[in-house]
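Below: the structure, in structure tokens.
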Amino acid sequence: MCGIVGYTGPREAGPILMAGLKRLEYRGYDSAGIALVDEAGDLFVEKKAGKLANLETAIADRTPHAALGLAHTRWATHGRPTDLNAHPHQDCTGEITVIHNGIIENFQELRDGLVARGHTLTSDTDTEAVAHLVEEAYAGDLADAVRSALRQLEGAYALAVMHRREVSRLVGARMNVPLIVGLNGEESFIASDVSAILAHTNRVVFLEDGDVADVRPSGVLVTDVNGEPRPRRETVVDWTPEAAEKGGFEHFMLKEIHEQPDALRQSLAGRVGRDGHVHVPEIATLARAIRAATRVELVACGTASYAALVGAAAIQAWTDLPARVTVGSEFRYDPPPLDARTLVIAVTQSGETADTIAPTRLARERGSPIVAITNTVGSAITRETDAVLFLQAGPEIAVAASKTFVTQVTTLVVLAAAIARLRGSMDDAAEAELVAALRTLPAAAARALELNAPRAYDLARRYVNSRGFMFVGRGATYPAALEGALKLKEISYVHAEGYAAGELKHGPISLLDAECPLVAVATRSHTHDKLVSNIMEGRARDARVLAVATEGDDQIGRIADDVCWVPDTHELLSPVLAIVPLQLFAYHVAVARGTDVDQPRNLAKSVTVE
Ligand code: G6P
């Protein structure tokens, strides 16, 4: 996830943009860049890999006078984090400058077309194509040219564009990635979020998907991509700089829970095509090893290990390969059999977890092909493995994982389907059904939030004094039960256990009573009836039942005390939606108990020691 900031107005743009970038650094940073234009139309560009401090040093004492500019902190998606791939990017003429957050899904096709038409592209990024498309369309009006370029783009973007001959104008565009315009009557700003501009104004226009903002120092005109006006109301935000980083949410965790639809969209961009196929080019070099594999070993810790359980289930559902999850701390000292025919998949948000990295080293020594799934470009795991799939979820600040869990699940499911396709064990119809479900998943996650966010507070208050909680699920909902219990215990310090529902009767049922509720993850599945029986066993012990169920499931509606409804989806994707109310529930229980939600006691975001 990148950070964008742009300025047009009477003051010096350079210092304003650099200060804005500093406030956006929390969004991720592997490189940064700035482009400035003075009144004569002279352009200055500097880009540096690494932290923002590198860019600061590079432009110290030589920041030119400028009244217009764009700046960017990058979190690499297409192309390694180098000086060259850092934003801003220019067209062939150097007239047009673009910064971008998001992913242009059809960038390869666009690049090929541009090259065939004689353009020279100098970076590996998807973004640069946009500058050249604007160049092709430019006929004296930047907003018109940007709209024309946008009509050719597929994917997710927040874009800001300037032209060095139009020195009091910025053009912004938003599709599935946040972008705002800040105004104060004399100068205007474009930014990824309010935190970047709060020092200068609290008057903000929040752009919506499909908006194109024609920004002048005196104000903004918003249209759609065809130039039809889209009047947008100005909001006066009453946030402290700290609150602005949290997008107005009280905690990063709540913000990140709400970011899940966007995180899923970004994570799935380019992976699930309209052609009904999954796309995982990262494993192309392992195709032969994957076809020859005889089993799959997944390794992960904490939340990632629960996501891995869904991945293992998907691999077993769609291939003839046995797939097993072992937590890293067990794997490293008591490894499963490993050889060249064992595919190892390591899942880690941070990419730095010592207990997950050690097993990959072991696997490498034994000659196993290894795939990593991580959120962090440049992290240690990326240097230890043969192929890396990035989650593209954006930085997660809260210690307790939320958006990285849902994107780990979807990335693993996509990888499982890609493995099955390579081995010829998944037919077109099954793949197309999965792809269709994945393509609608971000919207379904938004609906799950809409259904549950307003009532999670009341629900949490009703259960907050419970002695403990028993979370249960079956099949794909079992990992969601484990993750729901983990969220609750991590941040609220209330005891919660996750169990396979069928195991209740073999022990933990003795814990159930009026003070220990049963939280049943009972979304639609092939074992739904069995889970209903398990819920009835709990009810018979006076346990209150809080269920997560698929919208329209009257049976669960009748037997549970409280139900959190979520939309229907592919069974193996159900944890992505089922976890949403459980995250919200854990969050509100923690707030009610007054804990430090974003930094719970005794925990760290990244555990680099044993
Ligand atoms: C820590 C965090 C957990 C996380 C686990 C694995 O214990 O507190 O939230 O799930 O590490 O982290 P990773 O970065 O490897 O996914």
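Evaluate the following for Ile579: is it part of a helix (DSSP H, G or I), open to solvent by less than 10 Å² (accessible area, probe 1.4 Å), within 16 Å of the ligand (Cβ to nearest atom) and not acidic (Asp, Glu)?
yes
Of all residues in segment 510-552, how many are within 23 Å of Leu573 (Cα to Cα), assigned to a loop (DSSP other than H, G, I, E, B) and touching a Ser or Thr at 6+ places or on another chain (Cβ under 9 Å)?
4
Identify, from the list Val409, Val399, the residue that is within 23 Å of the chain's Cα centre (by Cα), within 16 Å of the ligand (Cβ to nearest atom), touching a residue at least 24 places away in the same chain (Cβ under 8 Å) and surrounded by fewer than 22 Cβ atoms within 10 Å (Cβ to Cβ).
Exactly one residue qualifies, and that residue is Val399.
May I ask you to list pairs of residues, at least six apart or on different chains, whose Cβ atoms are under 7 Å apart, with the first in segment 589-607 being closer than 18 Å to Gly468 by Cβ and the second being open to solvent by less than 60 Å² (accessible area, probe 1.4 Å) and near the ligand (Cβ under 8 Å from one of its atoms)?
These pairs meet every condition: Pro600/Val399; Pro600/Ala400; Pro600/Glu490.
Quick one: count up the residues across segment 344-381 that are within 15 Å of the ligand (Cβ to nearest atom), open to solvent by 20 Å² or more (accessible area, probe 1.4 Å) and not in a helix (DSSP H, G or I).
Going through segment 344-381 one residue at a time, the tally reaches 6.
Could you check segment 313-335 and list, in sequence order, the residues that are more than 16 Å from the ligand (Cβ to nearest atom), in contact (Cβ under 8 Å) with a residue 12 or more places away in the chain and in a helix (DSSP H, G or I)?
Correct list: Ala313, Ala314, Ile315, Ala317, Trp318.
State whether the residues of segment 451-458 include one that is away from the ligand (no atom under 16 Å from the Cβ) and among the small types (Gly, Ala, Ser).
Yes, there is a match, as at least one residue in segment 451-458 is away from the ligand (no atom under 16 Å from the Cβ) and among the small types (Gly, Ala, Ser).
Applying the selection to segment 285-309, what residues are away from the ligand (no atom under 16 Å from the Cβ) and open to solvent by 20 Å² or more (accessible area, probe 1.4 Å)?
Across segment 285-309, the qualifying residues are Thr285, Arg288, Ala289, Arg291, Ala292, Thr294, Arg295.
As an exercise: evaluate Val225 against (1) away from the ligand (no atom under 16 Å from the Cβ); (2) of a type in the set (Val, Ile, Thr); (3) within 30 Å of Ala430 (Cβ to Cβ) and give the number of the one condition it does not meet.
(3)
Count, please, the residues in segment 38-59 that happen to be over 22 Å from Arg23 (Cα atoms) and buried (at least 16 other Cβ atoms within 10 Å of the Cβ).
The total comes to 3.
Can you name the residue in segment 195-214 that is charged (D, E, K, R) and part of a strand (DSSP E or B) and, of all such residues, is nearest to Glu259 (Cα to Cα)?
Checked segment 195-214; the qualifying residue nearest to Glu259 (Cα to Cα) is Arg203.
Report, ordered by the first and then the second residue, all pairs with beta carbons closer than 7 Å, sequence separation of six or more or different chains, a first member in segment 53-65 that is of a type in the set (S, T, N, Q), and a second member that is open to solvent by 40 Å² or more (accessible area, probe 1.4 Å).
Pairs found: Asn54/Lys48.
For residues that are within 19 Å of Val347 (Cβ to Cβ) and among the charged types (D, E, K, R), scanning just segment 582-610, find the one that is least open to solvent (accessible area, probe 1.4 Å).
Lys605
With (1) open to solvent by 10 Å² or more (accessible area, probe 1.4 Å); (2) modelled with pLDDT under 95 as the list, and Arg341 as the residue in question, which single condition is left unmet?
Just one mismatch for Arg341, condition (2).
What number of residues in segment 230-248 are open to solvent by 30 Å² or more (accessible area, probe 1.4 Å) and under 18 Å from Val177 (Cβ atoms)?
Count: 5.
The values are calculated or read from the model by the stated rules, or taken from the named source; none is laboratory data. Only a predicted model underlies this, so the values are computations on that prediction, with no experimental measurement involved. When we count neighbours, we look across all protein chains shown, and the Cβ atoms used for this are built from the backbone with ideal geometry, even at glycine. Surface accessibility is based on the protein's heavy atoms, side chains included, excluding ligands, DNA and RNA. Shrake-Rupley method; radii C 1.70, N 1.55, O 1.52, S 1.80 Å.
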